[in-house]
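All of the numbers you see were taken from the coordinates with simple rules; none came from a lab. Quick caveat, the model's predicted, so the values are computed rather than measured. Note that we place each Cβ from the backbone using ideal geometry, even for glycine, and neighbour counts take in every protein chain shown.
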């Protein structure tokens, strides 16, 4: 089942009735924000702060930015806050007590799953970057929550398992990535499947990143600072590098396959440097519907938080009279082979997308640490895809074991490159 069928606006649908009851209720929705100190988390809390009558923060989690997490706890007074380690939890708890904040601080992977699946929680913003975000996002899905999915790796790694959890629990899955949110907005409200809606193509737009016009030779010497300087969006370091390599778009292609139950031939990528059109849907009658807006993540966040209603997000209106010309290009798969690797992994199926993701996370971390060149990232990913070509996990435990094996294998190759 795709998110379309699980969110069909059929008045007889029990899950949809729960949405309507929740929207009409005078009680605010209780929200857990996983990855609160990152870009998506910060923007989520900005939207939430604009609607205190509708949303109340139940729990927050953060990684390294403990001071920022403390400030968020003082402002939103959540019941729980979760850090990665015991030392940071103790530091946070002490600081909060000094400020008179009663938030209880927990730590570790199990605590993340607890705040995602807690019985009192209505909605979970899943915004932890990378494979680390899969277990708590999956816990929220298994618990039947409204899952606002900003962690694309959850579907890239474990799309089949994740969508099964959504189906079995009756969870509501809503996409936060601007591209997938745009696709969702461009489909009919009562859409159950792409075929039923008459969809011919899902067209994901890509900015092209900071290196769109760089030569292949120039790409071999770019720096992490250059890669993280995205021309349109404010994002974290890992996703910025993925955007620069077009791997981010490749991950989104795989994510779209699971969200919309699409086959690879139904998914197209177009480079659109201005990032005004966030994605499009082409119908078989020749119509193309698109979602436009200023490049601000508060728009998809507000859309998903309030769905099926609309709320203000604090986003500046799109001024058509001041827009630059909107242009479109075909992605260059020679200079940016990561996108073609993602399509190949999707075609291969089985565990290939999980292998792609794990290898890419290790390669990007090595690039950010200045251990390898930018151009080595897709090379390391391709090596891993070849080595683990026959991987096919039968359960989640096997998948997590494979994830660790791919990381170890790729890390060994990183060390060989740097020797």
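All C-alpha to C-alpha distances of the range 82-186, sorted into 5 Å bins beginning at zero, yield P(r) values of 2, 13, 20, 21, 17, 12, 8, 5, 2, 0 percent in whole numbers. Taking every Cα-Cα distance in the range 57-126 and sorting them into 10 Å bins from zero, the calculated P(r) comes out as 23, 59, 19, 0 percent. Counting Cα-Cα pairs of the chain in 20 Å increments starting at 0 gives whole-percent bin shares of 27, 60, 13, 0.
Please quote Rg/Rh for the range 349-419 to two decimal places, taking the Kirkwood radius as Rh and restricting both calculations to Cα atoms. Before the final figure, lay out each step's value.
Values: Rg = 11.9 Å, Rh = 12.0 Å.
Computed over Cα atoms, the ratio is 0.99.
Using C-alpha pairs under 8 Å with a sequence gap of at least 6, the mean separation divided by the residue count of the range 349-419 gives a relative contact order of 46 percent. Relative to its residue count, the range 3-176 spans a Cα convex hull of 103 Å³ per residue. If one puts a single equal scatterer on every Cα of the range 113-256 and applies the Debye formula without solvent, what log₁₀ I(q)/I(0) results at q = 0.10, 0.14, 0.21 Å⁻¹? Values, matching the q order: -0.41, -0.74, -1.27.
Ellipsoid fit via the Cα gyration tensor, the range 214-301: semi-axes of 26, 16, 13 Å, each the root of five times an eigenvalue, largest first. Hey, if you drop one equal point scatterer on each alpha-carbon of the range 251-309 and run the Debye formula without solvent, what base-10 log of I(q)/I(0) do you get at q = 0.12, 0.14, 0.28 Å⁻¹? For the range 251-309, the Cα-only Debye profile gives -0.37, -0.51, -1.26. Here the sum of -39500 (n - 2.57) over DSSP H runs of 4 or more residues, divided by the residues of the chain, equals -14500 deg cm²/dmol at 222 nm, to the nearest 500. Using the Cα gyration tensor of the range 85-126, with a ≥ b ≥ c the square roots of its eigenvalues, what is the shape: rounded (a/c below 1.5), prolate (a/b larger than b/c) or oblate (neither)? Oblate is the answer for the range 85-126, as a/c is 1.5 or above yet b/c matches or exceeds a/b.
The peptide list 317-329, 109-121, put in order of mean Cβ contacts within 10 Å with the highest first, becomes 109-121, 317-329. Each part gets one Cα centre, and for the range 118-170 versus the range 29-81 those centres are 18 Å apart. Relative protection proxy for 284-291, 224-231, from highest mean packing down: 224-231, 284-291 (other beta-carbon atoms within 10 angstrom).
Output the relative contact order of the range 3-176, whole-number percent, from Cα pairs under 8 angstrom with separation of 6+ residues. Display every interim value, and only then the final one.
Values: 328 pairs, mean separation 35.9, N = 174.
Computed value for the range 3-176: 21 percent relative contact order.
Using only the Cα atoms of the range 212-252, each taken as one equal point scatterer with no solvent, compute I(q) by the Debye sum, divide by I(0), and report log10 of the ratio at q = 0.14, 0.15, 0.24, 0.29 Å⁻¹. Log10 of I(q)/I(0), two decimals: -0.29, -0.34, -0.83, -1.10.
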